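The values are calculated or read from the model by the stated rules, or taken from the named source; none is laboratory data. Note that the structure is a prediction, hence the values are computed from the model and not measured. Positions of Cβ are backbone-derived with ideal geometry, glycine not excepted, and every protein chain shown enters the neighbour counts.
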């Protein structure tokens, strides 16, 4: 073996070891502090730490409180009033004396310096024309709508989590494919350097290969930057520290054996979409609001009872003063004020009817669009798989021809680029297929139960 040959072998071995150990170390140290995250764990954390869902739960609490407040109108109103008064000694002169002159109050009236009294009243609504009944009924409809809104938000949060998880996997897969290709390109560069030193390769061919390696390094930098952004987005979405390194698992991207038809999905969506059901509950509340507005034409009957006590020293004392009665209250102005209220309630009801019809159209369009995209992704996967097989065979044949000096370096580099792109397309396509199916389920309202 001549010295140049030995030198070239040493360069090849050294380059291979550098690439191998650098790749191994990057994987080892990059994953040392990483956390393996399954899709189910991501969904669970996303639901637990979602600000959107927390706000939805608070709205449910508000709706519950409004129901309780409406029910409280059936409870009697009770009030207790008591006062202690400190009085001065007033000067009182009465002009009704026997002689026609003023009467001295100091001799006719006792001196009063204090007074005390207490009142207790109870008002019980006997008849309100349905105000209380319809108020409670409307509040209950809105309570159910708030719960359905939370269920709809849950579907949206699950889809956002799945999409973020898929994007994280895709960015990781792209980085992995580019790293693998970069390692192969760097090894190829070392081989081409040997061939150039042995006079078997022109220098410009070797430079072409190195330029491609530089392009791959730039692509890797872009892919790593996108991966960091996807990682941070995933961390924030599921409530983990921003610097947490996550490792995804593509084995969970599995589709069921039996896929429902578009007709079945449309029927399921129109009968089970929570946002549509919430709109229907608000429609019921608006219908009840029309009845509630009509009750202003009806008078209210109230049963009332009270107790009074008073004590003014040296003057009088009142105890055991109990009163019971019934009263009728009717607001005369309701004869002309109620009509605008009814018109407003009717307009609200008709508006919600139109919103429901529009929502149904939107759901049908969304289900169809997502299902068509799912079918498209299925077809793309078949193309991607064929493309990878073709690119692998093309790269193998091109490499053999290049080794036999039947093709130049440009042909070899082009074959490697095609193989890299086909591998990336397949890795990303598999993840997009699962995401497209998740969107189909979300548009049908059955992504998460």
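Is at least one residue of the stretch 366-382 out of contact with any helix residue (DSSP H, G or I) (no Cβ under 7 Å at 6 or more places or on another chain), modelled with pLDDT of 90 or more, within 30 Å of residue 138 (Cβ to Cβ) and assigned to a helix (DSSP H, G or I)? Outline the logic, then answer.
Initial filter on the stretch 366-382 (out of contact with any helix residue (DSSP H, G or I) (no Cβ under 7 Å at 6 or more places or on another chain)): 369, 372, 375-376, 379, 382.
Among the residues that remain, those that are also modelled with pLDDT of 90 or more are: 369, 372, 375-376, 379, 382.
Checking the rest, the ones that are also within 30 Å of residue 138 (Cβ to Cβ) come to none.
Checked against the condition, which is being out of contact with any helix residue (DSSP H, G or I) (no Cβ under 7 Å at 6 or more places or on another chain), modelled with pLDDT of 90 or more, within 30 Å of residue 138 (Cβ to Cβ) and assigned to a helix (DSSP H, G or I), the stretch 366-382 yields no hits at all.
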Checking residue 319 against (1) assigned to a strand (DSSP E or B); (2) touching a residue at least 12 places away in the same chain (Cβ under 8 Å), which test does it fail? (2)
Quick one: count up the residues across the stretch 160-188 that are surrounded by 20 or more Cβ atoms within 10 Å (Cβ to Cβ) and under 30 Å from residue 269 (Cα atoms). 9
Can you confirm whether residue 199 is assigned to a loop (DSSP other than H, G, I, E, B) and surrounded by fewer than 17 Cβ atoms within 10 Å (Cβ to Cβ)? yes
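Residues are listed down the side, and each one gets a yes or a no for (1) in contact with a strand residue (DSSP E or B) (Cβ under 6 Å, 6 or more places away or on another chain); (2) over 30 Å from residue 269 (Cβ atoms); (3) surrounded by 15 or more Cβ atoms within 10 Å (Cβ to Cβ):
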position: 302; (1), (2), (3): yes, yes, yes
position: 338; (1), (2), (3): no, yes, yes
position: 343; (1), (2), (3): no, yes, no
position: 383; (1), (2), (3): no, no, no
Provide a single number: the residues in the stretch 249-296 that are outside any helix (DSSP H, G or I) and surrounded by fewer than 20 Cβ atoms within 10 Å (Cβ to Cβ). 9
Can you tell me how many residues within the stretch 228-259 are over 22 Å from the mean Cα position of the chain (by Cα) and on the phi > 0 side of the Ramachandran plot? 0
Looking at residue 447, is it surrounded by fewer than 14 Cβ atoms within 10 Å (Cβ to Cβ) and either in contact with a strand residue (DSSP E or B) (Cβ under 9 Å, 6 or more places away or on another chain) or part of a loop (DSSP other than H, G, I, E, B) (or both)? no
Inspect the stretch 10-29 for any residue being outside any loop (DSSP other than H, G, I, E, B), within 20 Å of residue 169 (Cβ to Cβ) and at pLDDT 50 or above and give the result as yes or no. no
Looking at (1) over 26 Å from the mean Cα position of the chain (by Cα); (2) modelled with pLDDT of 90 or more; (3) assigned to a helix (DSSP H, G or I), can you tell me which one residue 302 breaks? (3)
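Just checking, does the stretch 97-118 include any residue being out of contact with any strand residue (DSSP E or B) (no Cβ under 8 Å at 6 or more places or on another chain), at pLDDT below 90 and in a helix (DSSP H, G or I)?
Keep residues of the stretch 97-118 that are out of contact with any strand residue (DSSP E or B) (no Cβ under 8 Å at 6 or more places or on another chain), which gives 98-101, 106-107, 109-111.
Filter once more, keeping what is at pLDDT below 90: 98-101, 106-107, 109-111.
Checking the rest, the ones that are also in a helix (DSSP H, G or I) come to 106-107.
There is at least one residue in the stretch 97-118 that is out of contact with any strand residue (DSSP E or B) (no Cβ under 8 Å at 6 or more places or on another chain), at pLDDT below 90 and in a helix (DSSP H, G or I).
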Qualifying residue in the stretch 205-226 (condition: modelled with pLDDT under 90, part of a loop (DSSP other than H, G, I, E, B) and either within 26 Å of the chain's Cα centre (by Cα) or farther than 29 Å from residue 53 by Cβ (or both)): no
